[in-house]
Amino acid sequence: MKKAFVPASRFTLFSAVIAICLSACTDPGPDASQQQLIASLTEPERKLFEHGQLKAYSCAACHGRNGISSHPNYPSLAGRSANELSAALTAYRGGERKHALMTPQARGLNDADINALAYYFSLQLPAASAATQAD
Ligand code: HEC
């Protein structure tokens with residue numbers, strides 16, 4: 001038991017070190033602060049956040065997983081006000097605002113989904129360079 005455990009733990013330690021190096025080299029900042037932020041939410045806020053996070057999978061292809069878009073045709077949603085985001089979604093859904101790609105996306109959302117998505121994206125950190133938001 002003990003003999004088998006030693007090489008395994010060495011391997012685990014080795015991969016842990018690799019993982020730490022990799023995460024430090026990639027993008028540790030937003031993830032760390034995101035964790036902190038989630039930990040600071042109240043229970044109802046966390047539920048809303050998780051609802052939004054789940055729904056946001058269907059937005060990821062265009063707006064990015066965390067609402068940071070990698071293409072100028074698709075606006076970034078990260079860190080924008082929840083009111084603005086939910087107003088835009090409600091306008092697409094109601095037809096006051098029309099777009100061939102966005103209208104069908106919004107049509108499938110109920111009020112709770114819109115609230116949750118707006119909340120989720122409002123709490124995402126904008127791209128690193130824009131982290132110091134003026135407003
Ligand atoms: C197939 C690509 C696509 C998908 C999927 C998609 N969107 Fe969009 N979205 C767009 C495009 C393109 C625009 C810009 C449309 C316009 O100019 O009116 C947009 C605009 C928006 C806006 C308005 C932003 C602004 O600057 O006014 C919001 C909010 C938004 N999308 C939220 C979402 C959410 C939430 C989802 C997932 C439920 C989603 N989108 C899924 C392509 C997409």
- [ ] Starting from the Cα of LYS47, move 7 Å in the Cα-to-Cβ direction to define the label point; list residues of region 105-121 whose amide nitrogen is under 18 Å from there.
- [x] 110-120
Open item on the list: Per residue of region 104-111, what does 6.51 cos²θ - 1.76 cosθ + 1.60 with θ = phi - 60° give for ³J(HN,Hα)? Whole Hz please, x for Gly and Pro, Karplus curve as stated.
Closed with: x, 4, 6, 4, x, 9, 8, 4
Open item on the list: Could you list TYR119, TYR57, TYR74 so that the one with the fewest beta carbons within 10 Å of its beta carbon is first and the one with the most is last?
Closed with: TYR57, TYR74, TYR119
Task: Karplus 3J(HN,Hα) series, Hz, for region 34-43 with 6.51 cos²θ - 1.76 cosθ + 1.60 (x for Gly, Pro) - done: 5, 4, 4, 4, 4, 5, 8, 6, 6, 4
Open item on the list: Taking amide H atoms as placed 1.01 Å from N in the peptide plane, list the residues 5 or more away in sequence, or in a different chain, whose amide H sits under 5 Å from that of SER76.
Closed with: SER69
Open item on the list: On the principal axes of its Cα set, how long, how wide and how thick is region 30-127? Give whole Å, largest value first.
Closed with: 37, 28, 19
Task: Phi to ³J(HN,Hα) by Karplus 6.51 cos²θ - 1.76 cosθ + 1.60 over region 58-64, Hz, x for Gly, Pro - done: 6, 9, 4, 4, 9, 9, x
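Just so you know, all these numbers are worked out from the coordinates, no wet-lab data involved. Every value quoted in this text rests on a predicted model; they were computed, and no experiment measured them. Virtual Cβ from ideal backbone geometry, glycine too; neighbours counted across all protein chains shown.
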